[in-house]
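> Just passing along the structure, written as structure tokens.
The values are calculated or read from the model by the stated rules, or taken from the named source; none is laboratory data. Quantities reported herein were computed from a predicted structural model and do not represent experimental measurements. Methodologically, a virtual Cβ is constructed for each residue, glycine included, from the backbone with ideal geometry; neighbour enumeration extends over all protein chains shown.
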Amino acid sequence: MATFLYKVGRLAFRRRHYVALLWIALLTLAGVGAANAPAAGSTSFSIPGTEAQKAFDLLDQRFPGSSSDGGTARVVFKAPSGEKMTDAGNKATVEKTVKELADGSEVVSVTDPFTTNAVSKDGTVAYTSVKYDVAGMELKDASKDALEDAASEARATGLTVDVGGDALQAAAEMGVGEIIGIALAAVVLVITLGSLVSAGLPLLTALIGVGIGVSTITALAKTLDLGSTTSTLAMMIGLAVGIDYALFIVSRYRAELAEGREREDAAGRAVGTAGSAVVFAGLTVVIALAGLAVVNVPMLTKMGVAAAGTVVVAVFIALTMIPALLGYAGRRIKPTGEKAKWLGGGSAKEAAKAARPNMGTRWASFVVRRPAAVLILSVLGLGAIALPASQLQLGLPDDSSQPTSTTQRRAYDLLAEGFGPGFNGPLMIVVDAKNSDAPKAAVTTVTDKIKTLDDVVTVSPAMFNKAGDTATITVVPDSKPSSVTTEDLVHSIRDEGAGIKADTDAQVLVTGTTAMNIDFSQKLNDALIPYLALVVGLAFLLLIVVFRSILVPLKAALGFLLSVLASLGAVVAVFQWGWLSGLIGVEETGPIMSMMPIFLVGVVFGLAMDYEVFLVTRMREAYVHGEKPSQAVVTGFRHGARVVTAAAVIMMAVFAGFITSSESMVKMIGFGLAVAVFFDAFVVRMAIVPAVLALLGKRAWWLPEWLNRILPNVDVEGEGLRELDSKNSDPDEDRELVRA
């Protein structure tokens, strides 16, 4: 592989005009596709195999036309202190608002709160439901403006008016936090690489890669039913790995220049060595993201595959466009040890500094001298941080997790105040009595049983379909949708349903948004172990091929588990318990998002293996070339610690930028990934890895002879490059590579 990539790097360096034009053309094509693509609507949400999904599917069959993908809005009114909504003036305002809302061109129906029993018992709160014929994300600006104007006019009369639902939902956009994250990454690159030109290359290629990936997702969003969070995740991962992969190749290029190689040969060797590590690191990320398909949730699968595609683009750009841009940069890229004068460069200073051991060398030497102490302290520290993860509670966000400054959150609070906390998360009971001898009697039995359960406030009369063999019952819990009590109620209804089916042959199914969220959380929880086994197993095999060792990949996997548990503990402490939540703008604590653990596992595993591959391949390279195991650890840190540190800081900056997002899911994922990168890079890879390798010695690189014979030799260390002429290239080989 190293030899092949060496030729790719030299070819891209020499034919840089064609390479640059190719990537610019792809970016333009993706941009044009995104600009002309139809707007994406709300992502359809399905969870195959769950009871809630079975109930939804049954409703589509037995109540044709009852379900709609159109957007909804719930306009909530509250009377001034001392007044009621039924007072003449307030009632007239609401009726006028309902009439104005009904005039919208995309409006299907608007309910009158005074005829649909949508007024609270104390008469202070009322609401009207608005249904649209298109999804909330597809509503025209005129419809959204009309909704906001109607609420504003009613608010001007003295009423408190807020709007819930998805009608005012907006697609996530890059905010100030993400821009600051990129700016911090640029600063780290300048400090690490010593010049603006060197720092600009990783940023430029990462932005091009993300541009191609996100534009492609946008262009296909309508066709493939992709949501706004899909492009956000792809942007988050694409920026991080795109910058890091380019950083490693540029850094290795500068090191090759420092050894006196010509620029074209240095570019080829940088791609052949660091590029090999990029390929395998990228493969681990792709495996982790594409492996989300095992959960069997279509939305999650699409998000993982889309992000994996962006990572693939980042790998190809790093291998081809970086050497091409290095060719354009010429002598403006300085060898390692040389810096621009404005950064304090100077031959005397540089020579003196190069003669001293760098920070990575000093730290590795310290760890090698005291491996047991470093290992014990690191494991105990991560273990302590991981303790809150034992109290992890999963759920999905609703309007209660929105900032209090949003109208959706205020509408949610008004409904909870007027109708009780469970009103925002009603349960829909579907009774399939098709096989029952007495369908109506069976439904009556279900209704009576539910009324006797704890935490039930109201049970609506059953509504039958035209055939009279299926009914729906709405149950309002006494607790909020995300509470453990409401989850217990769902399980209680299902337990009662099992007995009813045995007595009446009628099947009882619980569905609705709240039940769907509960089933989704359970499905993800059940899939976590199989997902871990698949992803870690495949990556373990891949790392055996890379490192030709059993213990090194095993140590890498165990260290990753420590990182994940510690980061989950930090997420629970902040988002569930509320520790230091004010620092990152968490206004409402509650259950951790159901997708968070499995996303964290997928993404962090890929990134953790990045650091493992980049750092440990340098150690193995030194060991293969004859150094003792402990000295190889120090050598690996001397060459790789600075760059891995910079890569980790860059990833932390990029991920931390998403903490400012208004979407709770994006905020939580950004925080979780940022702290996970910190734990994995600076505790696991920088402390535990060298400590374990120092303790194992030569045993770290042991591989059974029979396995050594059957494994392919991928030559990540670049041993085959020693046989190549650093001064000349074979034109016939270049032409053969072009044809391939």
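> Leu203 passes all but one of (1) surrounded by fewer than 24 Cβ atoms within 10 Å (Cβ to Cβ); (2) farther than 26 Å from Val297 by Cβ; (3) at pLDDT below 85; which number fails?
The one condition Leu203 does not meet is (3).
> Residue under question is Asp60, and the condition is that it be among the acidic types (Asp, Glu), out of contact with any strand residue (DSSP E or B) (no Cβ under 9 Å at 6 or more places or on another chain) and either touching a residue at least 12 places away in the same chain (Cβ under 8 Å) or in the same structural domain as Ala433 (by TED's automatic domain parsing) (or both); does it hold?
Working: among the acidic types (Asp, Glu): yes; out of contact with any strand residue (DSSP E or B) (no Cβ under 9 Å at 6 or more places or on another chain): yes; either touching a residue at least 12 places away in the same chain (Cβ under 8 Å) or in the same structural domain as Ala433 (by TED's automatic domain parsing) (or both): no.
In short, no.
> Moving to a separate point now. What's the number of the condition Gly420 fails, among (1) modelled with pLDDT of 90 or more; (2) among the small types (Gly, Ala, Ser); (3) surrounded by 22 or more Cβ atoms within 10 Å (Cβ to Cβ)?
(3)
This table checks each residue for (1) part of a helix (DSSP H, G or I); (2) modelled with pLDDT under 85; (3) surrounded by 14 or more Cβ atoms within 10 Å (Cβ to Cβ); (4) not aliphatic (A, V, I, L, M).
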site: Thr284; (1), (2), (3), (4): yes, yes, yes, yes
site: Ala288; (1), (2), (3), (4): yes, yes, yes, no
site: Ala293; (1), (2), (3), (4): yes, no, yes, no
site: Met299; (1), (2), (3), (4): yes, yes, yes, no
site: Gly327; (1), (2), (3), (4): yes, no, yes, yes
site: Glu338; (1), (2), (3), (4): no, yes, yes, yes
site: Gly345; (1), (2), (3), (4): no, yes, yes, yes
site: Lys349; (1), (2), (3), (4): yes, yes, no, yes
site: Thr361; (1), (2), (3), (4): yes, no, yes, yes
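> Can you work out which of the residues in region 422-439 that are in a loop (DSSP other than H, G, I, E, B) and of a type in the set (A, V, I, L, M, F, W, C) is farthest from Arg74 (Cα to Cα)? Walk me through it before giving the result.
If we filter region 422-439 for residues that are in a loop (DSSP other than H, G, I, E, B), which is where we start, we get 425-426, 433-438.
So of that shortlist, the ones also of a type in the set (A, V, I, L, M, F, W, C) come out as 433, 438.
Working: Ala433: 33, Ala438: 38 Å.
Here the residue is Ala438.
Listed here are the residues, each with its yes/no results for (1) modelled with pLDDT under 90; (2) farther than 30 Å from Leu693 by Cα.
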position	(1), (2)
Pro371	no, no
Ala386	no, no
Thr404	yes, yes
Ala433	no, yes
Asp437	yes, yes
Thr447	no, yes
Leu453	no, yes
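> Further question on the same structure: Out of all the residues in region 623-641, which are within 36 Å of the chain's Cα centre (by Cα) and at pLDDT 85 or above?
Taking region 623-641 first, the residues within 36 Å of the chain's Cα centre (by Cα) are 632-641.
Answer for region 623-641, where residues must be within 36 Å of the chain's Cα centre (by Cα) and at pLDDT 85 or above: Ala632, Val633, Val634, Thr635, Gly636, Phe637, Arg638, Ala641.
> Just for strands (runs of 3 or more DSSP E) wholly inside region 61-134: which have at least 3 residues that are in contact with a helix residue (DSSP H, G or I) (Cβ under 7 Å, 6 or more places away or on another chain)?
On the way: elements: 72-78, 107-110, 125-132.
So the answer is 72-78, 125-132.
> Now a separate question. Give me the pairs: first residue in region 183-211 and not assigned by TED's automatic domain parsing to the domain that holds Arg252, second residue among the acidic types (Asp, Glu), beta-carbon distance under 6 Å, and six or more apart or on different chains, which are they?
Correct list of pairs: empty, since none qualify.
> Sticking with this structure for a sec: Looking at the structure I just gave you, is Ala274 of a type in the set (Gly, Ala, Ser) and in contact with a Gly (Cβ under 6 Å, 6 or more places away or on another chain)? Before you say what the answer is, go through the steps one by one.
Values: of a type in the set (Gly, Ala, Ser): yes; in contact with a Gly (Cβ under 6 Å, 6 or more places away or on another chain): no.
The answer is no for Ala274.
> Looking at Pro388, Pro397, Pro426, which is the one that is over 21 Å from Thr513 (Cβ atoms) and buried (at least 18 other Cβ atoms within 10 Å of the Cβ)? It would help to see each step written out before you state the result.
On the way: Pro397 fails: over 21 Å from Thr513 (Cβ atoms); Pro426 fails: over 21 Å from Thr513 (Cβ atoms).
Only one candidate qualifies: Pro388.
> Out of the helices (runs of 4 or more DSSP H) lying entirely within region 476-593, which hold 2 or more residues that are over 29 Å from the mean Cα position of the chain (by Cα)?
Details: elements: 484-504, 513-547, 551-571.
In region 476-593, 484-504 are the helices (runs of 4 or more DSSP H) which contain 2 or more residues that are over 29 Å from the mean Cα position of the chain (by Cα).
> May I pose another question? Kindly provide the set of residues from region 289-331 that are closer than 26 Å to Leu27 by Cβ and of a type in the set (Gly, Ala, Ser), ordered by number.
So the first thing to find is which residues in region 289-331 are closer than 26 Å to Leu27 by Cβ, and the list is 289-290, 302-330.
Once the filter is applied, which keeps residues that are closer than 26 Å to Leu27 by Cβ and of a type in the set (Gly, Ala, Ser), region 289-331 yields Ala290, Gly304, Ala306, Ala307, Ala308, Gly309, Ala314, Ala318, Ala324, Gly327, Ala329, Gly330.
> Sticking with this structure for a sec: Out of the residues in region 228-257 meeting the condition of being of a type in the set (Val, Ile, Thr) and buried (at least 24 other Cβ atoms within 10 Å of the Cβ), tell me which one is farthest from Ala307 (Cα to Cα). Even if it seems obvious, please write down each step before you answer.
Start the filter on region 228-257 by keeping residues that are of a type in the set (Val, Ile, Thr), which leaves 229-230, 232, 237, 241, 243, 249-250.
Next cut, buried (at least 24 other Cβ atoms within 10 Å of the Cβ) only: 230, 232, 237, 241, 243, 249-250.
Numbers: Thr230: 8, Thr232: 9, Ile237: 7, Val241: 11, Ile243: 15, Ile249: 22, Val250: 24 Å.
My answer is Val250.
> Take Ala442 and decide whether it is assigned by TED's automatic domain parsing to the domain that holds Gln507 and in a helix (DSSP H, G or I). Write out each step before concluding.
Numbers: assigned by TED's automatic domain parsing to the domain that holds Gln507: yes; in a helix (DSSP H, G or I): yes.
Yes, satisfied.
> Here's another thing I want to ask about it. For region 476-535, which positions are among the hydrophobic types (A, V, I, L, M, F, W, C) and free of Cβ contacts under 8 Å to residues at least 24 places away in the same chain? Steps first, please.
Our first condition is that a residue be among the hydrophobic types (A, V, I, L, M, F, W, C); within region 476-535, this holds for 476, 484, 489-490, 493, 498, 500, 502, 506, 508-510, 515-516, 518, 520, 524, 527-529, 532-535.
Selection gives Ala498, Ala502, Ile529, Ala533.
> A further question on this structure: Out of region 16-41, which residues are buried (at least 18 other Cβ atoms within 10 Å of the Cβ) and not in a helix (DSSP H, G or I)?
Residues satisfying the conditions are Ala40, Gly41.
> Any idea which of Ala681, Ala653, Ala687, Ala648 is touching a residue at least 12 places away in the same chain (Cβ under 8 Å), aliphatic (A, V, I, L, M), within 30 Å of Gln402 (Cα to Cα) and part of a helix (DSSP H, G or I)?
On the way: Ala681 fails: within 30 Å of Gln402 (Cα to Cα); Ala687 fails: within 30 Å of Gln402 (Cα to Cα); Ala648 fails: within 30 Å of Gln402 (Cα to Cα).
After ruling out the rest, the residue left standing is Ala653.
> Another question, if that's okay. Mind checking which residues of region 448-461 are crowded, with 18+ Cβ neighbours inside 10 Å and part of a helix (DSSP H, G or I)? Explain how you work it out, then say what you get.
In the first step, residues of region 448-461 are kept if they are crowded, with 18+ Cβ neighbours inside 10 Å; the result is 450, 456, 459.
Listed by number, the list holds a single entry, Ile450.
> Can you find a residue in region 253-265 that is among the hydrophobic types (A, V, I, L, M, F, W, C), within 26 Å of Asp166 (Cβ to Cβ), in contact with a Ser or Thr (Cβ under 9 Å, 6 or more places away or on another chain) and touching a residue at least 12 places away in the same chain (Cβ under 8 Å)?
There is no residue in region 253-265 that is among the hydrophobic types (A, V, I, L, M, F, W, C), within 26 Å of Asp166 (Cβ to Cβ), in contact with a Ser or Thr (Cβ under 9 Å, 6 or more places away or on another chain) and touching a residue at least 12 places away in the same chain (Cβ under 8 Å).
> Related question: Could you list all residues from region 463-477 that are buried (at least 17 other Cβ atoms within 10 Å of the Cβ) and under 25 Å from Pro421 (Cβ atoms)?
Thr472, Ile473, Val475, Val476, Pro477
> Now, a different point. Check off (1) among the acidic types (Asp, Glu); (2) surrounded by fewer than 24 Cβ atoms within 10 Å (Cβ to Cβ); (3) out of contact with any Gly (no Cβ under 8 Å at 6 or more places or on another chain) for Glu264 and give me the number that stays unchecked.
(3)
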